[in-house]
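Only one structure is covered here, and it is reproduced in the block below.
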Amino acid sequence: MTAPIIPECVWRVGATLGEGAVWHAASRCLVFVDIKGRRLYRYDPDTAVRRSWIAPGQIGFALPSVDGNWICGVQGGLYRFAFATGSFSRVLPVETDQPGNRLNDGFVDRTGALWFGSMDDGESEPSGQLYRVGLDGRLSVRDSGYVITNGPTTSPDGRTLYHTDTLQRVVYAFDLGDDGSLQRKRVFTSIEGTGHPDGMAVDEEGCVWVALFGGGRIERFSPDGRCIGRVDFPCSNITKLAFGGDDLQTVYATTARKGLSDEALQKESLAGGLFAFRAPVKGRPSTDSAVNFSAAMTDQS
């Protein structure tokens with residue numbers, strides 16, 4: 001990334017806390033959320049059609065499912081969502097005994113298992129956990145002790161899982177087993193300078209791109225954790241990115257207005273918008289597969 005890259009705001013959506021950018025190749029659309037605004041968005045770059053739906057609570061992510069619907073992480077549980085009807089239905093309760101927590105970033109690995117984190121909505125208590133839902137639909141804790149979880153994703157071979165401890169400004173790497181086990185937790189990289197690591201994506205060379213909340217940039221890290229490039233934005237809070245387009249070289253990035261003063265918002269008029277730019281390298285899909293736990297699951301609670 002030697003030549004400067006200038007991101008373009010393609011949707012001035014004004015999200016309070018934009019997140020969860022996912023490129024859906026089948027529909028050629030970018031899906032993302034506004035956690036605090038409790039909205040799910042879909043952007044079609046070919047037609048510029050923009051749509052939104054109100055979620056039943058703070059929504060951290062939306063990921064495609066093998067049954068043609070989407071699985072959304074909403075405060076209190078996982079919900080099935082259908083674009084055709086705009087309806088949400090809960091399929092699995094999560095942390096209903098912790099009303100101060102909410103769900104955050106998510107990812108689907110190559111087996112169809114869903115990974116996502118929870119966090120303290122007040123951003124002060126280490127009550128956040130990293131969860132996995134396997135193909136049997138069972139929810140299990142894989143790591144804990146986070147105030148703010150973010151950015152689960154995997155290496156191109158699916159053998160390494162990356163996960164962010166945002167407040168500690170650290171991205172961890174784990175060995176990911178075929179059975180979904182995590183081993184050998186280690187620091188992949190620590191963020192230097194301003195900003196806290198947020199959502200992530202991986203390119204075809206195995207480099208990890210990390211959005212920096214409060215840092216006004218995305219940084220690219222080599223597989224050994226060295227920072228080898230950056231993309232600067234005209235606003236401070238960059239939250240998540242996804243490689244999209246037919247060639248997976250268009251990067252879409254969500255941003256946030258959260259935490260910015262009135263004075264800062266006057267200077268950062270595009271804060272909360274959806275941005276796009278062309279990357280010099282192809283990326284990997286937003287998910288390695290589609291959510292593949294039982295499509296027939298319904299919440300009986």
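The values are calculated or read from the model by the stated rules, or taken from the named source; none is laboratory data. Note that the coordinates shown come from a computational prediction; the quantities given were computed from them, not determined experimentally. We place every Cβ from the backbone using ideal geometry, glycine too, and count neighbours over all the protein chains shown.
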**OP:** Tell me which residues, restricted to the stretch 231-285, are among the aromatic types (Phe, Trp, Tyr) and within 24 Å of Pro64 (Cα to Cα).
**Re:** Phe243, Tyr252, Phe275, Phe277
Original post:
Are any of the residues in the stretch 52-61 among the β-branched types (Val, Ile, Thr), free of Cβ contacts under 8 Å to residues at least 12 places away in the same chain and either surrounded by 18 or more Cβ atoms within 10 Å (Cβ to Cβ) or more than 20 Å from Pro197 (Cβ to Cβ) (or both)?
Top reply: no
Subject >> Residue list for the stretch 197-236, filter: in contact (Cβ under 8 Å) with a residue 40 or more places away in the chain, in contact with a Lys or Arg (Cβ under 8 Å, 6 or more places away or on another chain), of a type outside the set (A, V, I, L, M) and farther than 14 Å from Tyr252 by Cα >> reply: Pro197, Asp198, Glu204, Cys207, Arg220, Gly229, Arg230
**OP:** Can you tell me which residue within the stretch 116-145, out of those that are part of a strand (DSSP E or B) and of a type in the set (S, T, N, Q), is nearest to the chain's Cα centre (by Cα)?
**Re:** Ser118
**OP:** Using the structure shown, decide if Asp97 is assigned to a strand (DSSP E or B) and charged (D, E, K, R).
**Re:** no
Original post:
Does the stretch 100-115 hold any residues that are over 24 Å from Gly259 (Cα atoms) and part of a strand (DSSP E or B), and which are they?
Top reply: Phe107, Val108, Leu114, Trp115
Original post:
out of contact with any helix residue (DSSP H, G or I) (no Cβ under 9 Å at 6 or more places or on another chain) and in a loop (DSSP other than H, G, I, E, B): does that describe Leu270?
Top reply: yes
Original post:
Only one residue in Arg230, Arg217, Arg226 is out of contact with any Phe, Trp or Tyr (no Cβ under 8 Å at 6 or more places or on another chain) and closer than 13 Å to Pro7 by Cβ, so which one is that?
Top reply: Arg230
Subject >> Candidate set: the stretch 254-281, residues that are among the polar types (S, T, N, Q) and surrounded by 23 or more Cβ atoms within 10 Å (Cβ to Cβ); chosen: the one farthest from Tyr41 (Cα to Cα) >> reply: Thr255
Original post:
Among (1) modelled with pLDDT of 95 or more; (2) part of a strand (DSSP E or B); (3) not hydrophobic (A, V, I, L, M, F, W, C), which single condition is Gly151 missing?
Top reply: (1)
Subject >> Qualifying residue in the stretch 36-50 (condition: within 19 Å of Arg278 (Cα to Cα), modelled with pLDDT of 95 or more, surrounded by 20 or more Cβ atoms within 10 Å (Cβ to Cβ) and touching a strand residue (DSSP E or B) at 6+ places or on another chain (Cβ under 6 Å)) >> reply: yes
**OP:** Taking Lys240 as the residue in question, decide whether it is charged (D, E, K, R) and surrounded by fewer than 19 Cβ atoms within 10 Å (Cβ to Cβ).
**Re:** no
**OP:** Examine the stretch 146-169 for a residue that is closer than 15 Å to Arg226 by Cβ and free of Cβ contacts under 8 Å to residues at least 24 places away in the same chain, and state whether such a residue exists.
**Re:** no
Original post:
Among all residue pairs at least 6 apart or on different chains, which show Cβ distances below 8 Å where the first residue, located in the stretch 274-301, is within 30 Å of Leu139 (Cβ to Cβ) and at pLDDT below 90 and the second is part of a strand (DSSP E or B) and of a type in the set (Gly, Ala, Ser)?
Top reply: Ala295/Ser65; Thr298/Ser89; Asp299/Gly77; Asp299/Ser89
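Residues are listed down the side, and each one gets a yes or a no for (1) closer than 24 Å to Gly18 by Cα; (2) in contact with a Ser or Thr (Cβ under 8 Å, 6 or more places away or on another chain); (3) surrounded by fewer than 16 Cβ atoms within 10 Å (Cβ to Cβ):
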site: Asp121; (1), (2), (3): yes, no, no
site: Ser124; (1), (2), (3): yes, no, yes
site: Tyr131; (1), (2), (3): yes, yes, no
site: Ser155; (1), (2), (3): no, no, no
Original post:
If you take the residues of the stretch 182-205 that are outside any strand (DSSP E or B) and touching a strand residue (DSSP E or B) at 6+ places or on another chain (Cβ under 9 Å), which of them is nearest to Gly145 (Cα to Cα)?
Top reply: Ile191
